[in-house]
Every structure is written in C-alpha cells, then in structure tokens.
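See structure below.
The values are calculated or read from the model by the stated rules, or taken from the named source; none is laboratory data. Keep in mind that what you see is a predicted model, and the values were worked out from it rather than measured. Cβ placement follows ideal geometry from the backbone for every residue including glycine, while neighbour counts extend to all protein chains displayed.
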Amino acid sequence: MSSLQITNLVHHFSANDMVLDNINLEVPEGSIYGFLGPNGAGKTTTLKLILGLLKKQQGTITLFGKPLEKNHIDILKRVGSLIESPSLYGHLTAHENLNLLQKVYQCPKTNIQEVLDLVGLAHTGKKKAGQFSLGMKQRLSIAIALLHDPSLLILDEPTNGLDPNGMIEIRELLLKLNKEKGITIIISSHLLAEIERLVTHIGIINKGKLMFEGTLGELREKQQQLLSVILETDDNEKATRIIADNDLTPCMEEGRIVLPAISKDTVAKINRQLVANGLEVYEIKAVRNDLEAIFMDFIKN
Ligand SMILES: Nc1ncnc2c1ncn2[C@@H]1O[C@H](COP(=O)(O)OP(=O)(O)OP(=O)(O)O)[C@@H](O)[C@H]1O
C-alpha cells in the first residue's frame with residue numbers, strides 16, 4: 001500500500017515554463033522518502049500540489065488510496081506538513097505555542113505533552129520560542145505538524161540553515177517518528193549527504209523531471225555499475241585528443257584524465273591506441289563513483 005501516488009503531474013506557472021514535466025512517483029507506507037533535487041528543480045511545487053496549496057493543473061494525486069480533490073479535508077486530517085518558514089509565536093513558550101494551535105486545530109489536548117516529549121522540547125519550560133536555536137524552532141514546527149497525530153509527514157528542507165548538530169537532532173527525531181509511531185515521511189533536500197543516512201527511498205528530480213526513483217539499495221546498485229576510469233600518461237593533452245576521437249568525453253582533474261564509465265574492451269582499445277601513438281601510459285584504473293557522484297550525474301544530464 002502506498003501513502004502517496006502521483007501520476008503524470010504537470011505544472012506551469014506561465015505558458016512557456018514547464019516546472020513539473022510529467023512526474024510519476026510513489027511513496028510506500030512506512031517509508032522515509034527523500035525527495036532530492038537542486039534548487040529550482042520543482043520540489044516545493046510538488047509538495048505544495050500534494051497538500052492542495054497550489055491548484056493542480058494536470059495529473060493525479062492519490063493519498064492513502066483516495067484522490068486528493070474529492071477527499072481534501074479527510075486527507076489533510078491525516079497529513080502533517082512543514083513547508084517554507086514556520087510561523088511560531090516568539091513571545092510564547094513551546095507549550096503555549098502548542099496549546100494555542102491545539103485549540104485552532106481542535107485536536108486532543110493530551111497530545112501536547114507527548115508531542116513535546118517526542119521532539120525533545122519537554123524540558124524548555126518558561127523559555128520563549130523567540131529565544132530558541134534554529135534547530136529547536138524547527139523541532140517546535142515539527143511538533144505543530146504532529147499535533148493532530150498524522151500518519152504522513154511532509155517536510156520541505158527541514159534542515160536548511162541548521163548546523164551539523166541541529167541536522168543530527170532532526171535526523172534522529174524523524175527516525176524515531178518513523179520507527180516508534182510508524183509515520184511515513186517525505187523529506188525534501190538538495191543535499192544527498194544530508195538525507196542519505198535517514199531515507200529508505202529516494203526520488204531525484206531535476207528541471208521538473210523525475211530522474212530516478214527507488215530504494216537506497218537500488219541507488220547503491222547503480223553505484224556498483226558505474227565505474228569511471230582514471231588515466232595518466234606522459235602527455236595527457238595528446239592522450240585526451242586520441243581518446244576524444246573514440247566519441248568519448250575525457251576531462252582533466254588534478255592533472256589526470258577522467259573518463260565516464262566505459263567497458264573493459266574500450267579500456268584495452270584506448271590503451272593500445274595511446275601506446276601505438278608513442279605515449280607512455282603510467283596508470284589506468286577504474287574507480288567507483290560514490291552516491292554523491294551518481295546524484296550529480298543525474299542532475300547534470
Ligand atoms: N509562484 C511562482 N511563480 C512563478 N514561478 C515559480 C513560482 N514558484 C516557483 N516557481 C519556479 O518554479 C521552479 C521550481 O521551483 P520550486 O520552488 O518548486 O523548486 P525547489 O526544487 O523547491 O527549489 P528550492 O530548493 O530552491 O526551493 C523554479 O524555477 C521557480 O523559480
């Protein structure tokens with residue numbers, strides 16, 4: 001069962017800007033789904049459409065097996081979200097902030113202490129939210145999103161601007177919410193390293209197109225398949241010209257030639273050509289791309 005399914009989602013802000021270009025994605029129930037992409041890729045637009053904060057133009061959005069348009073209120077009751085900067089009352093304590101919003105959202109009062117415990121703010125007592133660190137403010141915003149006991153939490157770049165400690169706190173909180181409360185989480189980010197140790201599933205979006213979707217394990221499998229080749233010769237400029245004649249695109253990095261993934265046969269062929277052209281080949285080695293390099297590859301192409 002999936003918590004969210006999107007099919008053929010298209011969105012324009014004006015006639016000739018395709019901000020979302022036929023997005024299809026699926027968030028399994030119980031997963032932590034990392035929605036990854038560079039600035040301007042279309043992450044916030046997608047998340048706003050999922051929450052009904054933007055009017056859908058084309059495609060279908062289904063949450064908990066029901067179409068969004070026809071079940072908007074019922075669906076929103078099951079979703080907590082944090083999109084863009086949170087609105088907190090700086091002159092109120094964490095408890096007072098939650099107390100106020102609990103009345104606005106008409107959710108059970110009993111949730112307040114539990115939610116404060118969950119996000120690690122139960123000890124903040126009389127301290128006003130305005131005096132909180134950015135990390136504490138983010139955790140209070142997540143607490144607000146949790147007040148009505150949602151089964152899906154949608155967070156748009158919640159670790160933006162946090163120091164490494166703040167990032168770790170949010171990561172541990174989200175893992176706890178997922179494990180202990182069974183909450184499905186969608187979290188957007190433009191940094192793979194930031195969410196790599198948190199997510200079970202990843203969707204990579206670039207220029208409004210979904211470039212990859214799968215489990216973290218499937219992304220790692222791509223890592224196994226992708227090998228770049230590093231070469232060093234006594235005349236790298238000449239070697240680069242010879243290699244480029246094979247329809248390859250070598251580039252220079254730190255005085256060595258770097259080639260995208262190529263087959264063993266091609267490596268042998270290039271080696272023969274370089275030697276036949278009188279070059280000394282000092283080194284040819286295959287290197288595994290790390291996950292970050294794979295992500296960069298998705299957003300480059
Ligand atoms: N209200 C709007 N009117 C016009 N263009 C918009 C509007 N909102 C977003 N855009 C454009 O749509 C594109 C996608 O923006 P979006 O905010 O969805 O990207 P993002 O992946 O969330 O990026 P970021 O990490 O920078 O927030 C960008 O080119 C942005 O300038």
Q | Residue identified as within 24 Å of the chain's Cα centre (by Cα) and more than 28 Å from D163 (Cβ to Cβ) among L68, L100, L47, L118 | A | L68
Q. All but one of (1) touching a residue at least 40 places away in the same chain (Cβ under 8 Å); (2) in contact with a Ser or Thr (Cβ under 8 Å, 6 or more places away or on another chain); (3) of a type in the set (A, V, I, L, M, F, W, C) hold for A261; which doesn't?
A. (1)
Q: Name the one entry in E96, E69 that is more than 16 Å from the ligand (Cβ to nearest atom), of a type in the set (D, E), more than 17 Å from L175 (Cα to Cα) and not assigned by TED's automatic domain parsing to the domain that holds E180.
A: E96
Q) Given (1) at pLDDT 90 or above; (2) part of a helix (DSSP H, G or I); (3) buried (at least 19 other Cβ atoms within 10 Å of the Cβ); (4) not acidic (D, E), where does H123 come up short, assuming only one miss? A) (3)
Q) In this structure, does S228 turn out to be surrounded by 13 or more Cβ atoms within 10 Å (Cβ to Cβ) and closer than 30 Å to D156 by Cβ? A) no
Q.
Give all pairs with beta carbons closer than 9 Å in which a residue from the range 1-24 that is among the polar types (S, T, N, Q) meets a residue that is near the ligand (Cβ under 10 Å from one of its atoms); count only pairs at least 6 apart in sequence or on separate chains.
A. N22/G208
Q: Quick one: count up the residues across the range 1-36 that are under 15 Å from M211 (Cα atoms) and in contact with a helix residue (DSSP H, G or I) (Cβ under 7 Å, 6 or more places away or on another chain).
A: 7
Q: Examine the range 156-169 for a residue that is part of a helix (DSSP H, G or I), in contact with a Leu (Cβ under 6 Å, 6 or more places away or on another chain) and more than 22 Å from G80 (Cβ to Cβ), and state whether such a residue exists.
A: no
Q | Candidate set from the range 142-197 (those that are modelled with pLDDT of 90 or more and on the phi > 0 side of the Ramachandran plot); member that is surrounded by the most Cβ atoms within 10 Å (Cβ to Cβ) | A | E157
Q) Does the range 12-64 hold any residues that are away from the ligand (no atom under 15 Å from the Cβ) and in a loop (DSSP other than H, G, I, E, B), and which are they? A) E29, G30, S31, G52, F64
